[in-house]
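The numbers here are math on the coordinates, done by the rules we state, and not lab data. On a predicted model such as this, the values are computed, not experimentally measured, just so you know. Here Cβ is always computed from backbone atoms with ideal geometry, including for glycine, and neighbour counts include all displayed protein chains.
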Amino acid sequence: MNKQDEAKQGSLNTTRSYCATHNGVWSGDTSFSDDFGIYTGLLDEVAAKKNKSVEVITGYAVDKGNKEDLVKGDIRYISGRIQTWASRPAVNRPDVYAAAAITDSELDALRDSDLLARGRAIAKLMVDNAGIVPGFVAALRQTEFDDNLDAFEAVMQMPQQKKDERATANAEMVEKLEEAFRFRRDMLAVSAKVFMESDSTFYRDFKNTLKIDRNSHSLLALKGEVRDKATGLGIKKLTVQIPALGIEKKTAAKGGFIFKSLPEGVYTVIFKMFGYVTQEQVIYVNSGVRADVEVEMVKVVNVPTTVQIRTFNGVSHLPLGGVTVMTLDGGFSIITNEFGIWNSGDGVDAGDFVFRAVKDGFEALEQAVHTEDNVANVVNLNLMPG
């Protein structure tokens, strides 16, 4: 599959993912539901053809690897037997001994034609030096070695039959890909227009999944801008997180941000900054589409700062009541209730603390904690039995 086909398939899959996660919007519309069912079936056929191509390659690689392992196993055994024969005082053939010698690291480093050449050389030593067979290498083992060498040589290059099978699967995959692409354009996208007024957000985001960037080497997987809703101005140094990938960025001076080369998938993106209400958006990205987002942040107004402490058994993960929790400076000390919870109420100071949690029968726990202003902070403490 070339880059353009990969971009198309990525875009098609993004449309399916988006619709599947918003089926509550369209499930009651018979026309769109029917078209989406057909569309999903076409994509399943594309995936099946792609899997067939992969199976051909994988099967060939496994078969080649198995035959390679047989040759290497033969060389390890037979070279050792030849060295034993060559080192006997009655024989005393240091030249044959040296020709047969090979270390495991040297053998493991040999690939394809080099491995075959070394195997053929070992086989020739048995033919040229009477006494090795059958005294030190059984005649049957010699025959098996020759057969294994021939079998490996036959798969050093992918057989034409396998090449033909893969080419056929790829051609059928591209054909189905084009069929699905045309169906999305001519049928599914037309059916989706019914949501232009009834659910404009769904329709807008649906259209966004139709984009294709054929220059996949330079695309930006996620690009966005964050503004203050009241002023319309960009917000700088706001944190944008994608928890599923463990990555985050700060917005630039005018509120812009870019994440490059995200893997295909559906992600929750979190936008947060002190003084603003945290927001989340679900985005859809793939190798052929750049997702664009615009976010308007609302400032926090008179939201109290609270802290809830929860204590748990670190093994069973069940709530653990009666735990004494204190700050190391001694300025704070509480005991969690029977459900392992303590609520501060309003007006708690935010900041950085080190909490110490103790309870009979459990190891003492010290944990650094950061709490924020104008946020309902939750602190989880897990104590291990001991």
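Computed values, structure above
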quantity: Label point 7 Å beyond Cα of Ala48 along Cβ direction - residues of the stretch 155-198 with amide nitrogen under 16 Å; calculated: 169-180
quantity: Cα-based Lys proximity count in the stretch 221-297, under 19 Å, for pairs eight or more positions apart or on separate chains; calculated: 25
quantity: Point-charge dipole on Cβ atoms (K/R +1, D/E -1) for the chain, about Cα centre, debye to 20; calculated: 860
quantity: Under 28 Å between alpha carbons - lysine pairs in the stretch 50-173 that sit 8 or more apart or on different chains; calculated: 18
quantity: Debye-sum result for the chain in log10 I(q)/I(0), which assumes one identical scatterer on each alpha carbon, at q = 0.10, 0.12, 0.14 Å⁻¹; calculated: -0.90, -0.99, -1.13
quantity: Residue-wise HN-Hα coupling along the stretch 82-96, computed from phi with Karplus coefficients 6.51, -1.76, 1.60 (Hz; x: Gly, Pro); calculated: 5, 5, 4, 4, 5, 8, 5, x, 6, 9, 6, 10, x, 5, 5
quantity: Charge-dipole axis of the chain as Lys and Arg at +1 and Asp and Glu at -1 on Cβ define it, positive-most pick from Asn380, Met156, Ala189; calculated: Met156
quantity: Rounded, prolate or oblate (a/c below 1.5 giving rounded, otherwise prolate when a/b exceeds b/c) for the stretch 92-161 by Cα gyration tensor; calculated: oblate
quantity: Karplus-derived 3J(HN,Hα), 6.51/-1.76/1.60, for each residue of the stretch 323-331, Hz, glycine and proline x; calculated: 8, 8, 10, 9, 8, 5, 7, x, x
quantity: Under DSSP loop assignment and at most 16 Cβ neighbours within 10 Å, longest GluC sites (Glu not before Pro)-free interval of the chain; calculated: 1-337
quantity: Lysines with Cα under 24 Å of Lys193, excluding same-chain neighbours fewer than 8 positions away; calculated: Lys8, Lys207, Lys211
quantity: Beta bridge orientation in the chain: antiparallel %, DSSP, nearest 5; calculated: 75
quantity: Percent RCO, i.e. relative contact order, over the chain, from Cα pairs under 8 Å lying at least 6 residues apart; calculated: 16
quantity: Cα centre as origin, Lys/Arg/Asp/Glu Cβ charges: the stretch 221-297 dipole, Debye; calculated: 320
quantity: Gained length - Ser316 relative to Ala350, 0.36 nm times residue gap less alpha-carbon distance; calculated: 9.2 nm
quantity: Neighbour count of at most 13 Cβ within 10 Å plus DSSP loop: longest chymotrypsin sites (Phe, Trp or Tyr not before Pro)-free window in the chain; calculated: 1-273
quantity: For the stretch 223-261 and the stretch 49-69, distance of Cα centres in Å; calculated: 44
quantity: Two-site FRET efficiency, Ser113 against Thr40, from Cβ-Cβ distance with R₀ of 41 Å, rounded to 0.05; calculated: 0.30
